[in-house]
Amino acid sequence: MIELIAQNMAPIMFASLIIFLLIGYPVAFSLAANGLLFFFIGVLLSPYSGGSINLAWPLLHALPDNFYGTRVMSNDTLLAIPFFTFMGIVLERSGMAEDLLDTIGQLFGPVRGGLAYAVIFVGALLAATTGVVAASVIAMGLISLPIMLRYGYDRRLASGVIAASGTLAQIIPPSLVLIVLADQLGRSVGDMYAGALIPGLVLTGIYMLYILIMSIIRPNSMPALPFEARTLGRGVISLIVALLVTGAISYAAYRYLEPAHGDNADILGASVGVVVIYVVAIADQRLHINMMSKLAQQVVIVLIPPLALIFLVLGTIFLGIATPTEGGAMGSVGALIMAAAKGRLSFDVIKQALASTTRLSSFVLFILIGARVFSLTFYGVNGHIWVEHLLVSLPGGETGFLIGVNILVFLLAFFLDFFELAFIIVPLLAPAADKLGIDLIWFGVLLGVNMQTSFMHPPFGFALFYLRSVAARVPYLDRITGKQIAPVTTGQIYWGAVPFVCIQVIMIALTIAFPQMVMRYKGAAVEPSTIDLKLPDMPGLAPLGTPRADNGAAPANGGTPPAAPGTPDLSQPPNFGDTAPAKPAAPAPDLSKPPSFN
């Protein structure tokens with residue numbers, strides 16, 4: 001019996017961790033306690049394991065190095081998490097989400113379902129600037145949910161759109177979960193961002209397609225804004241003209257800058273066009289020139305700052321100018337500047353942002369420390385080999401492995417947060433995926449899309465909890481219309497999330513079926529036969545492949561071949577032109593007698 005337990009320590013250890021988590025113990029402490037407990041048991045049972053347990057007391061000395069080494073405390077990759085968290089919270093406090101929702105809602109207002117489109121669009125923008133799900137869901141729940149209820153939107157649809165749009169911060173860079181996945185998979189954060197960009201945009205498009213279909217099937221569930229609610233008036237044509245002028249200025253600047261700046265001329269030209277139209281819009285608004293419509297002015301003034309911040313963060317990372325950590329630092333500074341420009345930067349805002357950032361960073365750090373303790377013991381009982389054999393032997397090869405892993409992660413997401421999944425499950429899955437020849441960036445993005453559902457699973461989805469905390473629980477009087485608005489029930493929030501969970505499952509299937517959406521991060525393949533290597537000419541050196549002057553013939557007597565004419569004799573000291581008299585040869589010492597020092 002003892003031998004059976006010793007030889008199956010890995011599955012027993014993994015099952016006990018699941019039990020600890022289901023009971024309700026904190027994840028970080030469950031990981032650490034489980035690791036230490038089974039380390040003690042493993043050392044005692046090691047003689048009975050037949051070599052399957054490789055644990056000894058001196059192995060505990062490796063824990064301090066794991067804590068303070070490059071995996072935890074000295075991990076530069078994880079340093080990006082507090083930067084992006086701070087940036088997102090400052091932007092949320094700056095009122096950027098409110099301005100975006102109001103302006104984009106006015107832009108899409110005449111269209112049936114326009115508010116839902118606006119929420120998805122703003123959710124994608126907030127995801128690309130904040131990377132924090134809680135900030136996005138709470139901001140949009142506070143701002144857009146009352147407006148959608150005011151104008152007769154279906155409660156399930158409104159709740160689902162807000163929760164799903166907030167979770168786009170999971171997959172659209174600079175997502176925090178992508179940083180953690182890149183660290184756990186041992187890959188570049190920049191490559192992970194580049195790989196996740198297209199799937200994130202495709203998922204946003206599918207959300208909008210769902211709204212379009214629902215607006216046709218159930219038009220009464222998402223009415224257009226009434227005319228009296230469109231405070232910015234009309235002016236779409238003016239906005240289109242402004243966009244065309246911006247494109248013309250950008251193209252002219254590109255043509256002018258191309259000879260001097262080459263490949264960077266397109267980015268510089270676009271920057272010139274955007275800056276010009278932004279300055280014109282501000283001058284038009286402040287000086288009351290009225291060259292542009294009020295709607296066009298507001299869209300340009302509200303949209304360009306967050307887009308500039310996205311370029312400051314993601315553009316510099318994709319261009320290779322900055323690392324993700326440096327991009328997060330620049331984003332934090334940009335968020336402070338935006339908040340100050342709006343007059344909403346105060347000591348309280350900075351204090352709240354720092355407190356929230358410290359709390360989240362500590363949460364991640366403690367989970368990572370607990371995961372290191374757990375993995376030390378789990379690897380010592382050959383748990384990684386057990387998991388690898390279990391997954392690699394799944395029927396269907398690579399496809400069967402991907403389907404099985406995604407089902408496992410989907411089910412575990414009902415109970416575990418995405419940080420917990422990333423630190424516990426991903427290190428166990430990565431070796432098996434690598435052994436099957438699966439690209440780990442593609443695998444990480446696939447898991448990121450899957451983990452996104454962990455925020456929307458009824459009844460444990462955190463996005464649903466965030467929305468529940470800001471949605472009305474009792475009837476209230478609307479401040480604009482004066483009508484009594486019914487509350488949003490928890491059941492309506494849960495049922496509203498179900499269609500979007502199904503959409504995310506479809507997105508998982510699309511990512512598996514069309515891997516090139518992610519694999520484009522590698523760029524175009526290079527044909528080795530087209531590579532032409534040319535060495536620079538070096539004076540005094542014959543080109544490679546030139547035959548020797550003596551045709552490679554060795555001297556007849558086996559001695560040293562004669563030096564070529566003009567070649568210096570390196571066996572003698574250098575002669576700088578002085579004709580020194582030849583010195584007589586020194587007499588050879590007599591080694592048969594002791595040395596004399598006189």
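Within the stretch 456-475, the residues that satisfy the criterion of being in a loop (DSSP other than H, G, I, E, B), closer than 28 Å to residue 411 by Cβ and open to solvent by less than 60 Å² (accessible area, probe 1.4 Å) are 456, 457, 458, 459, 461, 471.
Restrict the check to the stretch 33-56 and report whether at least one residue is closer than 30 Å to residue 170 by Cβ, open to solvent by less than 60 Å² (accessible area, probe 1.4 Å), modelled with pLDDT of 80 or more and among the small types (Gly, Ala, Ser). Please lay out each step first, then the result.
Of the stretch 33-56, the ones closer than 30 Å to residue 170 by Cβ are 33-35.
Remaining after also requiring open to solvent by less than 60 Å² (accessible area, probe 1.4 Å): 33-35.
Filter once more, keeping what is modelled with pLDDT of 80 or more: 33-35.
Checking the rest, the ones that are also among the small types (Gly, Ala, Ser) come to 33, 35.
Checked the stretch 33-56: at least one residue is closer than 30 Å to residue 170 by Cβ, open to solvent by less than 60 Å² (accessible area, probe 1.4 Å), modelled with pLDDT of 80 or more and among the small types (Gly, Ala, Ser).
Looking at the stretch 391-417, I want the residues that are farther than 30 Å from residue 464 by Cβ and open to solvent by 30 Å² or more (accessible area, probe 1.4 Å) and have a partner that is in a helix (DSSP H, G or I) and charged (D, E, K, R) with Cβ atoms under 8 Å, at least 6 apart or on another chain. Which pairs are those? So the pair list comes out as 392/435.
Hey, can you tell me all the residues within the stretch 495-520 that are without any contact (Cβ under 8 Å) to a residue 24 or more places away in the chain and either within 17 Å of residue 164 (Cβ to Cβ) or open to solvent by less than 50 Å² (accessible area, probe 1.4 Å) (or both)?
Here is the first cut: in the stretch 495-520, the residues without any contact (Cβ under 8 Å) to a residue 24 or more places away in the chain are 502, 509, 513-514, 516.
Matches in the stretch 495-520: 502 only.
Scanning the stretch 35-59 for residues that are under 35 Å from the mean Cα position of the chain (by Cα) and free of Cβ contacts under 8 Å to residues at least 24 places away in the same chain yields a single hit, 37. Only residues that are buried (at least 21 other Cβ atoms within 10 Å of the Cβ) and of a type in the set (Ser, Thr, Tyr) were counted in the stretch 176-194, giving 1. Among residues of the stretch 322-335 that are on the phi > 0 side of the Ramachandran plot, none has a beta-carbon under 7 Å from a residue that is surrounded by fewer than 20 Cβ atoms within 10 Å (Cβ to Cβ) and assigned to a helix (DSSP H, G or I) at least six positions away or on a different chain.
Among the residues in the stretch 221-229, are any in contact with a helix residue (DSSP H, G or I) (Cβ under 6 Å, 6 or more places away or on another chain) and closer than 30 Å to residue 183 by Cβ? The answer is no, given that none of the residues of the stretch 221-229 is in contact with a helix residue (DSSP H, G or I) (Cβ under 6 Å, 6 or more places away or on another chain) and closer than 30 Å to residue 183 by Cβ.
Which ones in the stretch 336-380 are open to solvent by 70 Å² or more (accessible area, probe 1.4 Å) and either touching a residue at least 40 places away in the same chain (Cβ under 8 Å) or within 30 Å of residue 420 (Cβ to Cβ) (or both)? If you could, list the steps in order and put the result at the bottom.
Residues of the stretch 336-380 open to solvent by 70 Å² or more (accessible area, probe 1.4 Å): 337, 341-342, 344, 347-348, 351-352, 354, 358-359, 363, 366, 379.
Correct list: 342, 344, 351, 352, 354, 358, 359, 363, 366, 379.
Note on the stretch 297-316: residues that are open to solvent by less than 30 Å² (accessible area, probe 1.4 Å) and either among the aromatic types (Phe, Trp, Tyr) or without any contact (Cβ under 8 Å) to a residue 12 or more places away in the chain (or both) amount to 0. Does the stretch 194-204 include one or more residues that are among the small types (Gly, Ala, Ser) and either touching an Asp or Glu at 6+ places or on another chain (Cβ under 7 Å) or not in a helix (DSSP H, G or I) (or both)? So far as the stretch 194-204 goes, no, none of its residues is among the small types (Gly, Ala, Ser) and either touching an Asp or Glu at 6+ places or on another chain (Cβ under 7 Å) or not in a helix (DSSP H, G or I) (or both). The listed residues are 354, 345, 336, and the only one of them that is more than 29 Å from residue 239 (Cβ to Cβ), among the aliphatic types (A, V, I, L, M) and more than 24 Å from the chain's Cα centre (by Cα) turns out to be 345.
Within the stretch 69-78, one or more residues are modelled with pLDDT under 80, open to solvent by less than 50 Å² (accessible area, probe 1.4 Å), under 30 Å from residue 307 (Cβ atoms) and aliphatic (A, V, I, L, M).
Every condition in (1) at pLDDT 85 or above; (2) not in a helix (DSSP H, G or I) is met by residue 152 except one, and the failing one is (1).
The sole residue among 478, 439 that is among the acidic types (Asp, Glu), modelled with pLDDT of 80 or more and open to solvent by less than 50 Å² (accessible area, probe 1.4 Å) is 439. Being among the hydroxyl-bearing types (Ser, Thr, Tyr), surrounded by 14 or more Cβ atoms within 10 Å (Cβ to Cβ), modelled with pLDDT of 90 or more and closer than 25 Å to residue 127 by Cα is true of residue 204. Is there a residue being open to solvent by less than 20 Å² (accessible area, probe 1.4 Å), at positive phi and within 15 Å of the chain's Cα centre (by Cα) anywhere in the stretch 127-137? Scanning the stretch 127-137 turns up at least one residue that is open to solvent by less than 20 Å² (accessible area, probe 1.4 Å), at positive phi and within 15 Å of the chain's Cα centre (by Cα). Regarding residue 160, is this residue under 30 Å from residue 145 (Cα atoms), crowded, with 24+ Cβ neighbours inside 10 Å and modelled with pLDDT of 90 or more? For residue 160, the condition - under 30 Å from residue 145 (Cα atoms), crowded, with 24+ Cβ neighbours inside 10 Å and modelled with pLDDT of 90 or more - is met. Pairs under 7 Å by beta carbon, first residue outside any loop (DSSP other than H, G, I, E, B) and at pLDDT 75 or above in the stretch 121-133, partner open to solvent by 10 Å² or more (accessible area, probe 1.4 Å) and of a type in the set (S, T, N, Q), six or more apart or different chains? Listed by first residue and then by second, the contacts come to 124/204. In the set 238, 271, 250, which member is farther than 30 Å from residue 498 by Cα and open to solvent by 40 Å² or more (accessible area, probe 1.4 Å)? Only one candidate passes the filter, namely 271.
The values are calculated or read from the model by the stated rules, or taken from the named source; none is laboratory data. Remember, predicted model here, so these are calculated numbers, not experimental data. Using ideal geometry, Cβ is built from the backbone for each residue, glycine included, and neighbour counts are taken over all protein chains shown. Only protein heavy atoms, including side chains, enter the accessible area calculation; ligands, DNA and RNA are left aside. Shrake-Rupley method; radii C 1.70, N 1.55, O 1.52, S 1.80 Å.
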